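Derivation of every value follows stated rules applied to the coordinates shown; laboratory data play no part. Because the structure is predicted, anything quoted here is derived from the model rather than measured. Quick reminder, even Gly has a Cβ in these numbers, built from the backbone with ideal geometry, and neighbours come from all protein chains shown.
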Amino acid sequence: MPFSTTIAGSLPKPAWLAEPERIFPSWRLEGPELAEAQRDATRIAVGEQLRAGIDTVTDGEQARKHFVHGFAERLSGIDATKRQKRGIRDDRYEAVCPTVTGEVRRTSPIHVEEMRFARTLTDGPLKITIPGPMTLVDTVCDETYGNRAELALAFAHAIREEIAELIQVGVDVVQLDEPAFNMYFDEVAAWGIDAIDTALGAASCTTAVHVCYGYGIPANVQWKGNLGDRWDQYAHVLPLLAKSRADQISIELAGSHVPPDVLALAGDKIVAVGVIDVASDRVETPDDVRATIELARRYLDEDRIVCSTNCGMAPMNRDIAYAKLRSLAEGALLASVGL
Ligand code: ZN
């Protein structure tokens, strides 16, 4: 069996849908026209993944302005109109975030209709990405709970209800995105994993947790530049995630200073290994991708490796992102020779 391929989640949006190459773009349209354009963009995102040869596809997050806000703002108890600036990801950068003004509850479906539509576009495996509880906590202004663990648990219950409906519309893989795990190690141990397990419950689909060094935006690139030659964040996080309910752990490896030996700390999990760098516009050759997969194979058996992107591609140039998808699929095939 060749190595399976997927992407972390997001893809760039077409310029007719939203401002290109922005982490938080404005939509170009509104109302029913916006909804139609989002569906068209989803057709393209799914189609391009399939054309590139990606096995497990996402909707490219074409109907969400931002991977966290798109979920948070549809919850009861979150006031999306009351937006405040705060430092996020341990003050790595400032973001304008919605405010928690009441009890957080899921009172209606969030990404279910988007996935129902995406399901019509492929018979193959379909993945949805949802922000994890800690990352949600880290991307809102809390004026209600006053306790990050309690707020995380409220988010976890909302996610769990959403997952149940996503499975009903035919989603095969649910991935919780937890970039916040890469900096709050004490909280990951104290309540982060419990929140993940509460969110995943006994989900009958494949489940994954994505922990990364973020989009290739300048604040992240600068932060990475100060992390030294051996990024040991995963050495803290992977042993904790190894004990979680998740089936898969999605991490970045390509073009990074992540020491590949940390992969040995992933317990018995499947690891979606990032073999495409989203912080560089250089398109990896298939041989580059093959070499990164070979690196992962030193520490993981072949049947525990899925080939993925390091992180979401939302802020990237569209042509570059799609070229990287093709290299991802071709490199995974190269690495599969002889399996
Ligand atoms: Zn990421």
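For the chain, what is the charge dipole size about the Cα centre, in debye to the nearest 20, if Lys and Arg each add +1 at the Cβ and Asp and Glu each add -1 at the Cβ?
I would put it at about 340 debye.
Sorted from fewest to most neighbouring beta carbons within 10 Å, what does the list 7, 249 look like?
By the 10 Å Cβ count, ascending, the order reads 249, 7.
Full-extension gain between residue 294 and residue 320, please, as 0.36 nm times their residue separation minus the C-alpha to C-alpha distance.
Taking 0.36 nm per residue and subtracting the Cα distance, the gain is 7.0 nm.
Run the numbers on the chain and let me know its relative contact order in percent, using alpha-carbon pairs under 8 Å that are six or more apart.
Reported relative contact order: 21 percent.
Name the lysines eligible as straight-distance cross-link partners of residue 85: C-alpha to C-alpha under 21 Å, and not fewer than 8 places from it in the same chain.
65
Would you mind calculating the relative contact order of the range 1-67 from Cα pairs under 8 angstrom and at least 6 residues apart, reporting the percent as a whole number?
RCO, the range 1-67: 43 percent.
Give the cross-link partners of residue 82 among the aspartates and glutamates, using a straight C-alpha distance below 20 Å as the criterion and excluding same-chain residues fewer than 8 apart.
73, 94, 103, 138, 142, 143
Within straight cross-link reach of residue 243, meaning Cα distance under 13 Å, which aspartates and glutamates are found once same-chain residues fewer than 8 apart are removed?
Answer for residue 243, where 13 Å is the Cα cut-off: 194, 197, 268, listed by chain and number.
For the range 85-240, what is the percent of antiparallel DSSP beta bridges, rounded to the nearest 5?
So the antiparallel bridges amount to about 25 percent of the total.
Per 0.36 nm of contour for each residue apart, how much would the distance between residue 143 and residue 86 grow if the chain were fully extended, relative to their Cα-Cα spacing?
19.2 nm
Going 7 Å from the Cα of residue 22 in the Cα-to-Cβ direction, what parts of the range 50-76 have a backbone nitrogen less than 20 Å from that spot?
Correct set: 60-74.
Taking every pair of alpha-carbon atoms in the chain, what share in percent sits in each 20 Å bin, from 0 to the bin with the longest distance?
Per 20 Å bin, starting at zero, the Cα-Cα P(r) for the chain comes out as 33, 62, 5 percent.
Taking other Cβ within 10 Å of each residue's Cβ, how do 307, 141, 212 sort, fewest first?
Neighbour counts put them in this order, fewest first: 141, 212, 307.
With contacts defined as alpha carbon pairs under 8 Å and 6 or more residues apart, what's the relative contact order of the range 1-135 in percent?
Normalised by residue count, the contact order of the range 1-135 is 25 percent.
As an exercise, use a Förster radius of 41 Å and the Cβ-Cβ distance of residue 76 and residue 337 to find the FRET efficiency, rounded to the nearest 0.05.
My answer for the efficiency is 0.20.
Between Rg and the Kirkwood Rh of the range 268-339, both from Cα atoms, what is the Rg to Rh ratio?
Ratio of gyration radius to Kirkwood radius: 0.98.
Return, ordered by residue number, the residues of the range 44-71 whose backbone nitrogen is under 13 Å from a label point located 7 Å along Cα→Cβ of residue 29.
Hits in the range 44-71 for residue 29 at 13 Å: 44, 63.
If each of residue 281 and residue 219 carries a label point 7 Å out from its Cα toward its Cβ, how far apart are those two points in nm?
2.2
Only bridges whose two residues both fall in the chain count here: according to DSSP, what percent of them are antiparallel, nearest 5?
Bridges in the chain that DSSP calls antiparallel: roughly 25 percent.
Given a Förster distance of 56 Å, report the FRET efficiency between residue 15 and residue 243 from their Cβ-Cβ distance, rounded to the nearest 0.05.
Efficiency, from the Cβ-Cβ distance: 0.80.
Taking the Cα centroid of the range 82-99 and of the range 107-161, what is the distance between the two, rounded to the nearest whole Å?
Here the answer is 18 Å between Cα centres.
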